[in-house]
Amino acid sequence: MKRLALSAALLLTLSACATTSDIEATRYQIDQVNRQANARLTEVESKLSNEKLLEMVNQVESLKAEVAKLRGEVEVANYNLQTTQKRQNDLYNDLDGRLSHLESAGKEAAAQQAASQPASSQPAAATDTQTSPDYDKALNLLRARDFAKATAALSLYIQQNPNAPQAVDALYWLGVAHTAQRQYDAAIEIHRRFAEQYPDNPKAPDALRNVANCQRDLGQVDIAKATLKRLIKLYPSSSAAQKAREQLTKM
């Protein structure tokens, strides 16, 4: 009986010892898992931090590139604005000079010009010095640089007086008025038609040069060069041809 009790006690003791060992082993495993989890978490956090930092660096570089691009666009816009303003001023100065010349031209010049023109069923060319209230009104609008109203007045005059002596010159000035408003397509069509229909008109070389300038402002540089070369070939001694040569060296 004593032996049985001793065996039972020994078995219980061994059982208790085995349970404690298992618990310690389990605790050790849990600690190991926790350490591994913490290590992985630290690694992930570090990786995420580096990725965020890299993302921020990329964003900063992207912003720098965008700012540089915008600065370049602003510089180009300023250059284009200055160039456009210069061209506009040149156009205004040219317009003022031509209109002043018209005002100072006398009847003798008109008579000589009329005598030099061959007889034709088409309207007589370049007789701006002849009087016509509607035509003078249109020219006055040009002098005042009221180009929108000048365009309307010239168009109406040509429509109502297709055979009038000033109809040809009105067509030329209509193209100038369109150019001043940057209506380049309309100006090209009008000045090209003027140069083709009235090649002997004193304004024909200037009409071709105006066509080239409008083509240039539309970005059609190669076509503009071809027009300037055609102008030089057709009217080599004209002042417009001299200006065309100077333009070609800068294009």
For K47, which aspartates and glutamates qualify as cross-link partners when the Cα separation must be under 18 Å and same-chain residues fewer than eight apart are set aside? E55
In region 145-200, the trypsin sites (Lys or Arg not before Pro) that sit in a DSSP loop and have at most 16 other Cβ atoms within 10 Å of their own Cβ are R145, R182
Ascending count of other beta-carbon atoms within 10 Å, so fewest first, for F147, F194: F147, F194
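Which links in K229/K250; K203/K229; K149/K250; K203/K243 stretch past 25 Å when you go from one Cα to the other? It would help to have the intermediate numbers written out before the result.
Details: K229/K250 14 Å; K203/K229 17 Å; K149/K250 34 Å; K203/K243 14 Å.
Correct reply: K149/K250.
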Kirkwood hydrodynamic radius of region 189-246, Cα pairs, Å: 10.9 Å
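Please compute the length gained on full extension between D200 and E43, using 0.36 nm multiplied by the number of residues separating them and subtracting their Cα-Cα distance. Please list the in-between numbers first.
Values: separation 157, 0.36 × 157 = 56.52 nm, distance 8.72 nm.
Residue separation times 0.36 nm, minus the Cα-Cα distance, leaves 47.8 nm.
Each value in this text was obtained by applying a stated rule to the coordinates, not by laboratory testing. Keep in mind that what you see is a predicted model, and the values were worked out from it rather than measured. Reconstructed Cβ throughout: ideal geometry from the backbone, glycine too, with neighbour counts over all protein chains shown.
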